[in-house]
Amino acid sequence: MEIDDFIDLVAARTGGNRSGQRAKALADATFATLGERISGGEARALASSLPKEAQSGLVNADEASESFGVDEFYRRVAERAEVDEGMAQEGAAAVLQTLRELVGDRGWENLVSQLPLEYDGLVGPMK
C-alpha cells in the first residue's frame, strides 16, 4: 500500500472531513505513541506492513515499552498532532483500523496482546 492510499483511508474513516495533511499528522502521532507503548520488536514488525513514509515512529521505538493508559495515549496523540483529544481519539482509531487491515489477524493479535484491556475502546474488543 502506498502512503497516499493509507492516508486516504484514515481520512475517510474520520468522516472524510480531515485533510490529507491532518490525517498524516494523526497517523504519525499515533504510530509514535504506539511505538512508545509496545515493545520495540513488535513495533518494528508492525512497521514492516506499513508504507515506508509511515514507519518512522515504529521502527525507531525503544525495545522496552512504557506503561501508560489509554487516556495518556490520546493525550500524546493530541499533543503530537496538534489537535484536541476528541480528534485524537477519532484519528487514532481510524489509523489503527487501517493498520488492522494491513497486518491481518495474527499481527493484530500480537499487537493487542501488549495492551491492557482498557484499550478496547481504541482497538475494539480484546477478549
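Quick look at the values:
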{"item": "Karplus-derived HN-Hα couplings along segment 54-59 (A = 6.51, B = -1.76, C = 1.60, θ = phi - 60°), whole Hz, x at Gly and Pro", "result": "9, 8, 4, x, 9, 6"}
{"item": "Label of the coordinate-derived value, log10 I(q)/I(0) by the Debye sum over Cα atoms at q = 0.11 Å⁻¹, listed as (i) -0.31; (ii) -0.54; (iii) -0.86", "result": "(i)"}
{"item": "Calculated from backbone phi, Karplus (6.51, -1.76, 1.60) coupling profile of segment 66-77 in Hz, x at Gly/Pro", "result": "8, 9, 8, x, 5, 5, 5, 4, 4, 4, 5, 4"}
{"item": "Unit charges on C-beta of K, R, D, E only; dipole of the chain, Debye", "result": "160"}
{"item": "In sequence order, calculated HN-Hα J values of segment 32-39 (Karplus, 6.51, -1.76, 1.60; Hz; x Gly/Pro)", "result": "5, 5, 4, x, 7, 8, 10, 5"}
{"item": "Mean Cα-pair separation over length for the chain, i.e. relative contact order, pairs under 8 Å, 6 or more apart, %", "result": "27"}
{"item": "Nearest-0.05 FRET efficiency for residue 64 and residue 12, computed from C-beta distance (R0 35 Å)", "result": "0.50"}
{"item": "Over the chain: helical MRE at 222 nm, DSSP H runs n ≥ 4 each giving -39500 (n - 2.57), nearest 500", "result": "-21000 deg cm²/dmol"}
{"item": "Residue 113-residue 79 pseudo-label distance in nm [points 7 Å out on the Cα-to-Cβ vector]", "result": "3.1"}
{"item": "Order of 33, 14 - criterion: other Cβ atoms within 10 Å of each residue's Cβ, fewest first", "result": "14, 33"}
{"item": "Between segment 44-75 and segment 89-117, the Cα center-to-center distance that results, in Å", "result": "11"}
{"item": "Surface/4 of the Cα convex hull for segment 1-71, nm²", "result": "4.8"}
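Where a number appears in this text, it was derived from the coordinates with a stated rule and is not lab data. Here the structure is a predicted model, which means the values were calculated and not measured. Cβ atoms come from the backbone with ideal geometry, glycine included; neighbour counts cover every protein chain shown.
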